[in-house]
1. Quick one: what pairs do we get from the range 54-74, first residue more than 22 Å from Glu96 (Cα to Cα), second surrounded by fewer than 10 Cβ atoms within 10 Å (Cβ to Cβ) and among the hydrophobic types (A, V, I, L, M, F, W, C), C-beta under 9 Å, 6+ apart or different chains?
2. Restrict the check to the range 21-30 and report whether at least one residue is in contact with an Asp or Glu (Cβ under 7 Å, 6 or more places away or on another chain), basic (Lys, Arg) and surrounded by 12 or more Cβ atoms within 10 Å (Cβ to Cβ).
Amino acid sequence: MLWGMISDTSPAAVWSILASWPRGYFTARYAGRRYGVTNSAHANGQSFKLYAEELGGKDFISLNIYRPPSSAEPALKPCEMPVDKVTAFVTGAVIELG
């Protein structure tokens, strides 16, 4: 799925989206801008790290998200930015194919 403009911005929704995105580097569009995105899974798929940098610009997105061993909601940890910024990016970005 390409995603884009998902209304649920909960950590569980962010987890689901990142789990469905490709691993490694790809490009995506968000808010009329193009980003280079790296999505990495760690700890046998129990955590993700996402870093996205605006191509030709200065904006960036950085986050880690961890799934606890229990059934509790994933722990979303933005890196030095508001949680709203990272959730807006993940739920609004559209992956470019090819």
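The values are calculated or read from the model by the stated rules, or taken from the named source; none is laboratory data. The shown structure was predicted, so the numbers you read here are calculated from the model rather than taken from an experiment. Please note: Cβ atoms are built from the backbone with ideal geometry, for glycine as well, and neighbour counts cover all protein chains shown.
1. Close Cβ pairs satisfying both conditions: Tyr66/Ala43; Arg67/Ala43.
2. The answer is yes; a qualifying residue exists.
Quick grid of which residues meet (1) of a type in the set (Asp, Glu); (2) surrounded by 11 or more Cβ atoms within 10 Å (Cβ to Cβ); (3) more than 16 Å from Ala19 (Cβ to Cβ); (4) at pLDDT 95 or above:
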{"site": "Ser40", "(1), (2), (3), (4)": "no, yes, no, yes"}
{"site": "Lys49", "(1), (2), (3), (4)": "no, yes, no, yes"}
{"site": "Gly57", "(1), (2), (3), (4)": "no, no, yes, yes"}
{"site": "Phe60", "(1), (2), (3), (4)": "no, yes, yes, yes"}
{"site": "Ser70", "(1), (2), (3), (4)": "no, no, yes, no"}
{"site": "Leu76", "(1), (2), (3), (4)": "no, yes, no, yes"}
{"site": "Lys85", "(1), (2), (3), (4)": "no, yes, yes, yes"}
{"site": "Gly92", "(1), (2), (3), (4)": "no, yes, yes, no"}
{"site": "Gly98", "(1), (2), (3), (4)": "no, no, yes, no"}
